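Submitted below is the structure of interest, expressed as C-alpha cells.
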Amino acid sequence: QVQLVESGGGLVQPGGSLRLSCGASGFVFRLYDMRWYRQFPGKQRELVAGITSGGRTNYGDSVKGRFTISRDNAKSTVYLQMNDLKPEDTAVYYCNGVLGNSDYWGQGTQVTVSS
C-alpha cells in the first residue's frame, strides 16, 4: 500500500523556520522524483520545490533562497526546510512522488505563519 505521510507543520511567527518531512512507503522511493506543493484556500496547488531521483532541485520563485528541499533515500523521506517564513507562506503543504504514470500524494500538513 502506497503511503506518503507529511509531518512538521504548525504555527510559526513571521521570520521563523519549520522543517516538513514526508515519509514514503509502498514504492521504490529512490526512483521517484519528489515534490512539495502548497495550496491556498480557493486556489490550485502550486509547486514549491522539487528534487529528482538524481538529486537535482528546483524551486518556485516565491521561495527561492528561503526554502531547501532534500531527500534521504535510506529513510525514504523527503524534507522541506523553510526559513524566513512569511504570512503569505500560510497554506496546506503536500508531498508528491512521481515516476512515469505513477503519481502519489500525501494528505497534507497545515503551515500557518502568524504573529
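Normalise the Debye intensity by I(0) for the stretch 58-106, one equal point scatterer per Cα, no solvent, then take log10 at q = 0.13, 0.17, 0.25 Å⁻¹ and round to two decimals.
For the requested q values the scattering log ratios are -0.39, -0.65, -1.13.
Okay, moving on. How far apart, in nanometres, would the label points at SER114 and PHE40 be if each is projected 7 angstrom from Cα along the Cα-to-Cβ direction?
With each label point 7 Å from Cα toward Cβ, the separation is 1.6 nm.
Out of the stretch 23-115, which trypsin sites (Lys or Arg not before Pro) are coil in DSSP terms and have no more than 12 other C-beta atoms within 10 Å?
LYS43, ARG56, LYS64, LYS75
Roughly how many debye, to the nearest 20, is the charge dipole of the chain about its Cα centre, given +1 on each Lys and Arg Cβ, -1 on each Asp and Glu Cβ, and no other charges?
140 debye
If you plug each phi of the stretch 86-102 into the Karplus form 6.51 cos²θ - 1.76 cosθ + 1.60 with θ = phi - 60°, what whole-Hz ³J(HN,Hα) values come out, in order, with x for Gly and Pro?
Residue by residue, the stretch 86-102 yields 10, x, 6, 7, 4, 5, 8, 9, 10, 9, 9, x, 10, 8, x, 8, 8 Hz.
May I ask for the equivalent-ellipsoid semi-axes of the chain, computed as the square root of five times each C-alpha gyration tensor eigenvalue and listed largest first in whole Å?
They are 23, 14, 13 Å, listed from largest to smallest.
At 0.36 nm per residue, minus the direct Cα-Cα distance, what do ASP72 and SER102 gain on full extension? Give it in nm, one decimal, please.
8.8 nm is the gain from fully extending ASP72 to SER102.
Distance in nm between label sites at ASP61 and ASP33, each 7 Å beyond Cα in the beta-carbon direction?
Roughly 2.0 nm, to one decimal.
The numbers here are math on the coordinates, done by the rules we state, and not lab data. What you see is a predicted model, and the numbers here were worked out from it, not measured in a lab. A quick note on method: Cβ atoms are made from the backbone with ideal geometry, for glycine too, and the neighbour counts reach across all protein chains shown.
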